[in-house]
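> Have a look at this one.
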Amino acid sequence: MATPVSSPTTTTTETSAFPWIGLLTLAGAIFISVTSEFLPTGLLPEMASELDVSLSTAGFLVTVFAGTVVLATTPLAALTRRYSRKGLVVVVLGVLALANVLAAVAPTYEVLVGARVLGGLAHGLFWAVVAAYSAHLVPKQQLGKAIAITAGGGSAAFVLGVPVGTALGHALGWRVAFGIIAVVIVLLALAVIKFLPPVNHHVVLKTGEIPLPLRKDRSMRGIGFLCLIIVILITGQNIYYTYIAPWLIEAAGFSEDSVPFLLFLYGGAGAVGLVLAGFASDRFPKRGFAIALLSVMAAVVALALWSANPVVVVVAIVVWGTSFGGIPAMLQTRMLHTASFRTRDLAAALQTTAFNVGIGGGALVGGLLLDGSGITSLPGTLVLFVAVAFVLMVGSDALRTARARRALAS
């Protein structure tokens, strides 16, 4: 059990040295957590075959994991709000390691579902803590850079974690892949103990100040709107990405052995997109975000229309990965800029919930479409969801800009 904060904590000032080691440690923890979450994506055919279930049923393992995160994140964040952020990171990594061990030895699909539920509980609390951790380590003007570094862990999961895990699963069996992930999680938990600075996440009230209920905080409306955008975007993304391995094999005609390489290309392109997002988030966040959404739609339309052309598929996957790779970091940066200091932890919990509503909902909707309309319906559905998010976000930004101009003119 984590203990209440009692040790010296890191504080951020304008002149503090940039906390590279702490941020890279966070990035490593995020890397392994995201790899654990999405590992089944590259191994669906093998897992479905051994467990004697359909592809869509195997895909629901992603839904179960994400659904658990949705239900548990905010209550767990509320219950643990007084405890050390660093201590909680260590604890949840330990639970996540245990969940992967249970997945590796699960004798039936039902036991594997239970292991994914346990992993979802740990993952939800993990993200509720780490999503706001960067904001406690750096001043506000360095937030985009800090988030780009920590989000690099998630990008690295798609560059190395999921492709390498997929390759290991193909070569040694999917159970071995889960076991190796458990070992790496333990190693990273030790790194967190050694290198991650503790932080003070408590709000200090001024003399005579009365704490305002969080629901009345003026930033809550903006937080809610961003959560809606996250749900729409991540649902669309995971309707298609959850089933990318069978789509590449069945719709695009690639061999099963080429899937890890294609996932590696997607993840590597996502790392490039993340670097671009780190630049865009602090300089022109609105325009950069709009360009990223338009590029995602263009790439996925190309995948849908020219799936029989392997060159087009490879190029489109790279463009898709580059464009989408920076979107979560852009959203997280905007969320932390939108949230007041006192709502940061709540915003992080709600953001985690929104992401996992999208991940789980996307896997569920994608599975239903797979069974009902066929695998070729998935790319077009992604484009539809991204288009809705684009209209809402760009329209909202335009309205805010117009109101600001009217306020200056009056």
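> For region 331-354, does any single residue satisfy the condition of being without any contact (Cβ under 8 Å) to a residue 60 or more places away in the chain and more than 22 Å from PHE65 (Cα to Cα)?
no
> Further question on the same structure: Does region 382-401 include one or more residues that are not in a helix (DSSP H, G or I) and not aliphatic (A, V, I, L, M)? So that I can check it myself, show each step before the final result.
We begin by selecting, within region 382-401, every residue not in a helix (DSSP H, G or I); these are none.
No, every residue in region 382-401 fails to be not in a helix (DSSP H, G or I) and not aliphatic (A, V, I, L, M).
> Quick check on my filter: what residues within region 51-71 are under 16 Å from the mean Cα position of the chain (by Cα) and either among the aliphatic types (A, V, I, L, M) or surrounded by fewer than 20 Cβ atoms within 10 Å (Cβ to Cβ) (or both)?
Residues satisfying the conditions are VAL62, VAL64, ALA66, VAL69, VAL70.
> Restricting to region 344-357, name every residue that is surrounded by fewer than 24 Cβ atoms within 10 Å (Cβ to Cβ) and of a type outside the set (A, V, I, L, M, F, W, C).
Within region 344-357, ARG344 is the sole residue that qualifies.
> Which residue, of TYR83, TYR133, is within 17 Å of ALA348 (Cβ to Cβ) and buried (at least 21 other Cβ atoms within 10 Å of the Cβ)?
Values: TYR83 fails: buried (at least 21 other Cβ atoms within 10 Å of the Cβ).
Result: TYR133 is the single residue among TYR83, TYR133 that is within 17 Å of ALA348 (Cβ to Cβ) and buried (at least 21 other Cβ atoms within 10 Å of the Cβ).
For (1) in contact with a strand residue (DSSP E or B) (Cβ under 7 Å, 6 or more places away or on another chain); (2) more than 23 Å from LEU160 (Cβ to Cβ); (3) of a type in the set (Lys, Arg), each residue gets a yes or a no:
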| residue | (1), (2), (3) |
| --- | --- |
| VAL272 | no, no, no |
| MET297 | no, yes, no |
| VAL313 | no, no, no |
| ILE327 | no, no, no |
| ARG334 | no, yes, yes |
| LEU350 | no, yes, no |
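> Answer yes or no: is there a residue in region 341-352 that is in the same structural domain as GLY321 (by the TED database) and modelled with pLDDT of 85 or more. Write out each step before concluding.
So in region 341-352, the residues in the same structural domain as GLY321 (by the TED database) come out as 341-352.
If we keep only those that are modelled with pLDDT of 85 or more too, we end up with none.
No - not one qualifying residue is present in region 341-352.
> Here are LEU118, LEU44: which of them is hydrophobic (A, V, I, L, M, F, W, C), at pLDDT 85 or above and in a helix (DSSP H, G or I)?
Exactly one of LEU118, LEU44 is hydrophobic (A, V, I, L, M, F, W, C), at pLDDT 85 or above and in a helix (DSSP H, G or I), namely LEU118.
> Then there's this: Could you pull out the residue among LEU93, LEU112, LEU102 that is under 26 Å from HIS136 (Cβ atoms) and either outside the structural domain of PHE355 (by the TED database) or among the hydroxyl-bearing types (Ser, Thr, Tyr) (or both)?
Checking each option against the conditions leaves just LEU93.
> Just the residues that are part of a helix (DSSP H, G or I) and surrounded by fewer than 17 Cβ atoms within 10 Å (Cβ to Cβ), please, taken from region 255-264.
Listed by number, the residues that qualify are GLU256, ASP257, SER258, PHE261.
> Return the only residue of LEU293, LEU248 being assigned to a helix (DSSP H, G or I), over 16 Å from MET393 (Cα atoms) and in contact with a helix residue (DSSP H, G or I) (Cβ under 7 Å, 6 or more places away or on another chain). So that I can check it myself, show each step before the final result.
Numbers: LEU293 fails: over 16 Å from MET393 (Cα atoms).
Criteria check complete, one pass: LEU248.
> Take region 1-24 and flag every residue that is within 26 Å of ALA115 (Cα to Cα) and modelled with pLDDT of 50 or more.
none
> For LEU102, indicate whether it is over 28 Å from ASP257 (Cα atoms) and either out of contact with any Ser or Thr (no Cβ under 8 Å at 6 or more places or on another chain) or at pLDDT 85 or above (or both). Explain how you work it out, then say what you get.
On the way: over 28 Å from ASP257 (Cα atoms): no; either out of contact with any Ser or Thr (no Cβ under 8 Å at 6 or more places or on another chain) or at pLDDT 85 or above (or both): yes.
Against the criterion (over 28 Å from ASP257 (Cα atoms) and either out of contact with any Ser or Thr (no Cβ under 8 Å at 6 or more places or on another chain) or at pLDDT 85 or above (or both)), LEU102 does not qualify.
> Inspect all residues belonging to region 374-384 and state whether any of them is closer than 20 Å to LEU294 by Cα, without any contact (Cβ under 8 Å) to a residue 40 or more places away in the chain, over 20 Å from the mean Cα position of the chain (by Cα) and surrounded by 15 or more Cβ atoms within 10 Å (Cβ to Cβ).
yes
> Among the listed residues SER56, SER84, SER36, identify the single one that is touching a Gly at 6+ places or on another chain (Cβ under 9 Å), at pLDDT 80 or above and small (Gly, Ala, Ser).
Unique residue meeting the criteria: SER36.
The values are calculated or read from the model by the stated rules, or taken from the named source; none is laboratory data. Fair warning: this is a prediction, and the values are worked out from it, not measured in the lab. Cβ atoms come from the backbone with ideal geometry, glycine included; neighbour counts cover every protein chain shown.
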